[in-house]
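Worksheet: the structure to be examined is printed underneath.
The values are calculated or read from the model by the stated rules, or taken from the named source; none is laboratory data. The model shown is predicted, which means the values in this text are computed figures rather than measured ones. Here the Cβ positions follow ideal geometry from the backbone for every residue, glycine too, while neighbour counts run over all protein chains shown. The accessibility values were calculated without ligands, DNA or RNA, using every heavy atom of the protein model including side chains. Shrake-Rupley method; radii C 1.70, N 1.55, O 1.52, S 1.80 Å.
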Amino acid sequence: MDDQISSTTPSFGLQHEEGEHRADKHVNSLRDEVTDFSLREAAADVSEVEDILDLAGGAKDALERHRSTLPRTEEPLLDFSDPEPEPPSTSKPEPEAAKPAPIGAFGDATSKPEEKKEKTVTPSKSSCSLVDLLYWRDLQRTGVVFGASLFLLLSLSVCSIISVLSYVALALLSVTVSFRIYKGILQAVQKSEDGHPFKMYLDKDIAIPTETVHKYSDTVLVHINTVVKELRRLFLVEDLVDSLKFAVLMWILTYVGALFNGLTILILGLIGAFSWPVVYEKHQAQIDHYYGLVNKQIKDVVGKVQAKIPGAKPKTE
């Protein structure tokens, strides 16, 4: 029995050592296979990268050869060269243009852009008030101005200017003094402390500004210089036709002066100024039609006269 056990024990140990040795060999072989596989993959990757680099280098060489064949004015299609750094600009960047508002599904903008306000030239207050007076926009104000002006001119046509100014001043004083006495008596009876009835007008500043004086004086000076230059041109016969027209006008005014004096002409002008704008506004079409016919006849007559006068040539438009 002992001999049998002793004979079998070494064989079992040898088998166990052989099994472990085989397992180690199997593990080492697996490791070698993994290492070989990783090396093959790395070599394949390196070859692929080299192939890509070769292709890129070939394309770059082809583009350079194509660029060398292009004319100087033609720009190359692609440029793989590194762009040169631009110098820092000192100018401020331009503001971006305003983007249009997005349009919805039904064509309506989601946000309305701000509308640009047109610059309108507003007329001055003096011109507006004068137009309102001539067109009778305010009947009460226009009636007072027209009546007072007409009464003054009619008074000047009857009496001298000194008498007219004196009577006007006496009339104003009689009104203001009577009103002042009436208010004083009323305050004494009612025992009120209203004060001076014309205090509001006495406290108001009625001084004419210096800027207004300079403005209108410059305007008047411009008109005076224009009139002086035109008279010099007419009297010194710079243009024969214009000088003859001026002579005919003066000849007509001699007959007008024999029929009317200066005040009568002013009265007629005042009446016409306050009546003609209203009449023209109501009958503008008929007036323009007849004015065109008369203007055409006058031009025809002037043209015939200029043709008969030697050396007088009509002005070319």
### Task
Note down all Cβ pairs under 8 Å where the first residue falls in segment 212-238 and is in contact (Cβ under 8 Å) with a residue 12 or more places away in the chain, the second is surrounded by 10 or more Cβ atoms within 10 Å (Cβ to Cβ) and assigned to a helix (DSSP H, G or I), and they're at least six residues apart or on different chains.
234/242; 234/243; 234/246
### Task
Please name all residue pairs, on different chains or six or more residues apart, with Cβ atoms under 7 Å, provided the first residue is in segment 286-298 and is surrounded by 10 or more Cβ atoms within 10 Å (Cβ to Cβ) and the second residue is not acidic (Asp, Glu).
287/280
### Summary
Scanning segment 157-170 for residues that are more than 53 Å from the chain's Cα centre (by Cα) and hydrophobic (A, V, I, L, M, F, W, C) gives 158, 159, 162, 170
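Results for (1) basic (Lys, Arg); (2) part of a helix (DSSP H, G or I); (3) closer than 30 Å to residue 153 by Cβ, shown as yes or no for each residue.
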| site | (1), (2), (3) |
| --- | --- |
| 224 | no, yes, yes |
| 233 | yes, yes, no |
| 242 | no, yes, no |
| 249 | no, yes, yes |
### Task
Take segment 156-177 and flag every residue that is modelled with pLDDT under 90 and among the small types (Gly, Ala, Ser).
157, 160
### Query
Looking at (1) of a type in the set (Asp, Glu); (2) part of a helix (DSSP H, G or I); (3) exposed (fewer than 10 other Cβ atoms within 10 Å of the Cβ), which is the only condition residue 193 fails?
(2)
### Query
residue 120: loosely packed, with under 10 Cβ neighbours inside 10 Å and either assigned to a helix (DSSP H, G or I) or modelled with pLDDT under 90 (or both), yes or no?
yes
### Query
Does segment 151-164 include one or more residues that are open to solvent by less than 80 Å² (accessible area, probe 1.4 Å), touching a residue at least 12 places away in the same chain (Cβ under 8 Å) and under 15 Å from residue 273 (Cβ atoms)?
yes
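So, in segment 255-285, of the ones that are among the polar types (S, T, N, Q) and open to solvent by 80 Å² or more (accessible area, probe 1.4 Å), which residue ends up nearest to residue 155 (Cα to Cα)?
261
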### Criterion (within 30 Å of residue 138 (Cβ to Cβ) and surrounded by 10 or more Cβ atoms within 10 Å (Cβ to Cβ)) met by exactly one of 212, 226, 219
219
### Query
Which of (1) of a type outside the set (Asp, Glu); (2) surrounded by fewer than 10 Cβ atoms within 10 Å (Cβ to Cβ); (3) under 32 Å from the mean Cα position of the chain (by Cα) is the odd one out, the single condition residue 206 does not satisfy?
(3)
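Of all residues being of a type in the set (Ser, Thr, Tyr) and open to solvent by 100 Å² or more (accessible area, probe 1.4 Å) in segment 166-190, which is farthest from residue 155 (Cα to Cα)? Just the residue, please.
Restricting to residues being of a type in the set (Ser, Thr, Tyr) and open to solvent by 100 Å² or more (accessible area, probe 1.4 Å), the top hit is 182.
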